[in-house]
């Protein structure tokens, strides 16, 4: 009911949806932050708030139910983390600034640079997967990034749980092969 009112443009209903789902959004954000390690300076609350802003700046997204909203929020959170990593890499690689070496020691940022590169590799592999088979990409986003169960994913996509299980296996195999290259 609230999602329908929010979809119709009722801002109070949209705000109430976020209040009701705030705990689940926090869980998604914690999961997203745990997966990205200490790569961002953002905390879970900031990630939830930033995803809320992105969702509502995208116009009037139409969410059929709670699962669709959470899947979209997970996608927004992933996008935010990727944007932060890209920004940090751009800054690290100059960003137009004049760099003067102060010493010859290896920087502490080398491990962070490797983690950034790994996150961007996974992001690129997931994009490639979505181009090959969009549903497999959705299953990965909903399960890995959104934390949805197989039953919730199946209901959201209109397929059986067994289909979701097979899609998850195919997606894992594809991503594994892509990341080894």
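Residue by residue, here is whether (1) modelled with pLDDT of 85 or more; (2) part of a helix (DSSP H, G or I); (3) under 24 Å from residue 178 (Cα atoms) holds:
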residue	(1), (2), (3)
86	no, yes, yes
89	no, yes, yes
94	no, no, no
107	no, no, no
114	no, yes, yes
121	no, yes, yes
127	yes, yes, yes
137	yes, yes, yes
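Yes/no matrix, rows are residues, columns are (1) under 20 Å from the mean Cα position of the chain (by Cα); (2) without any contact (Cβ under 8 Å) to a residue 40 or more places away in the chain; (3) outside any helix (DSSP H, G or I):
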residue	(1), (2), (3)
143	yes, yes, no
163	no, yes, no
168	yes, yes, no
171	yes, no, no
178	yes, no, no
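So, residue 57, is that one exposed (fewer than 12 other Cβ atoms within 10 Å of the Cβ), under 23 Å from residue 30 (Cα atoms), at pLDDT 75 or above and within 19 Å of the chain's Cα centre (by Cα) or not?
yes
The values are calculated or read from the model by the stated rules, or taken from the named source; none is laboratory data. Fair warning: this is a prediction, and the values are worked out from it, not measured in the lab. Neighbour counts are summed over all protein chains in view; Cβ atoms, including those assigned to glycine, are modelled from backbone coordinates with ideal geometry.
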